[in-house]
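Encoded as structure tokens, the structure appears first; notes follow it.
The values are calculated or read from the model by the stated rules, or taken from the named source; none is laboratory data. This structure is a prediction, so every number in the text was calculated from the model and none was measured. Here Cβ is always computed from backbone atoms with ideal geometry, including for glycine, and neighbour counts include all displayed protein chains.
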Amino acid sequence: MKKFLLIYIVLTILLISDSFSQTYTFNRISAQYSGKDAWKSWWIDIGSTSGTMKTVFSGNDAWSEWDINLQINEGTIRTMFAGENAWTYWQFTFNDCTGYIKTVYTGDNAWKEWEVYDGYSTLKVTTLYSGENAWKYWKIYNYNGNINVSATYSGENAWTSWSINDYLPGEKTGLKMAAIFICVISGWMQNLPAK
């Protein structure tokens, strides 16, 4: 019995240490389709694997809840409110963390700066430039490093493909995904009038 218990403890420690030592680097996120509903379904390249991000519902409120499957980590992101300010406050739940996304400011430019936090870590998400193309370039950061997210294309469909340079390897995958999500959803929302 003692021998079995010792083997069990050693295997458990090895599995836990292996899962904590793995770091996943985001590379790209792109809409799976084209056309007016392209924003509802996305491919995500992460490390040596890939995942998806899809709306849960259809119709006018489809944007308010998302299922995310990264193979290594699954989760949901959903708005906390209804109405015209629903986009300013979100909750996320992943295998490795649970937390909130909120705008730092209110008003017309609230979408330009966000905080993503899970009770242990906080990521700041901010546009790099001002003006009508501000939504194309984002910086996600905390004291551990940063992630740069930028639109791959130009023009009105630029929001459909994003390049990600992830220099935040030690951070939780779910927390990073929540921060990347807010860059993408903000870019898409800024392009709604053009649709």
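Identify all residues within the range 153-170 that are of a type in the set (Asp, Glu) and either over 15 Å from the mean Cα position of the chain (by Cα) or under 16 Å from residue 127 (Cβ atoms) (or both); write none if there are none.
As a first pass, look at the range 153-170 and keep what is of a type in the set (Asp, Glu): 156, 166.
Listed by number, the list holds a single entry, 156.
In the range 106-145, which residue that is out of contact with any Asp or Glu (no Cβ under 9 Å at 6 or more places or on another chain) and among the polar types (S, T, N, Q) is nearest to residue 30 (Cα to Cα)?
133
Note down all Cβ pairs under 7 Å where the first residue falls in the range 96-108 and is farther than 17 Å from residue 134 by Cβ and at pLDDT 95 or above, the second is among the β-branched types (Val, Ile, Thr) and in a strand (DSSP E or B), and they're at least six residues apart or on different chains.
Qualifying pairs under 7 Å: 99/116; 101/116.
Applying the selection to the range 134-191, what residues are in a helix (DSSP H, G or I), farther than 21 Å from residue 100 by Cβ and in contact with a strand residue (DSSP E or B) (Cβ under 9 Å, 6 or more places away or on another chain)?
If we filter the range 134-191 for residues that are in a helix (DSSP H, G or I), which is where we start, we get 134-136, 158-160, 173-190.
Right, trim to farther than 21 Å from residue 100 by Cβ and you get 134-136, 158-160, 190.
134, 135, 136, 158, 159, 160 - these are the residues of the range 134-191 that are in a helix (DSSP H, G or I), farther than 21 Å from residue 100 by Cβ and in contact with a strand residue (DSSP E or B) (Cβ under 9 Å, 6 or more places away or on another chain).
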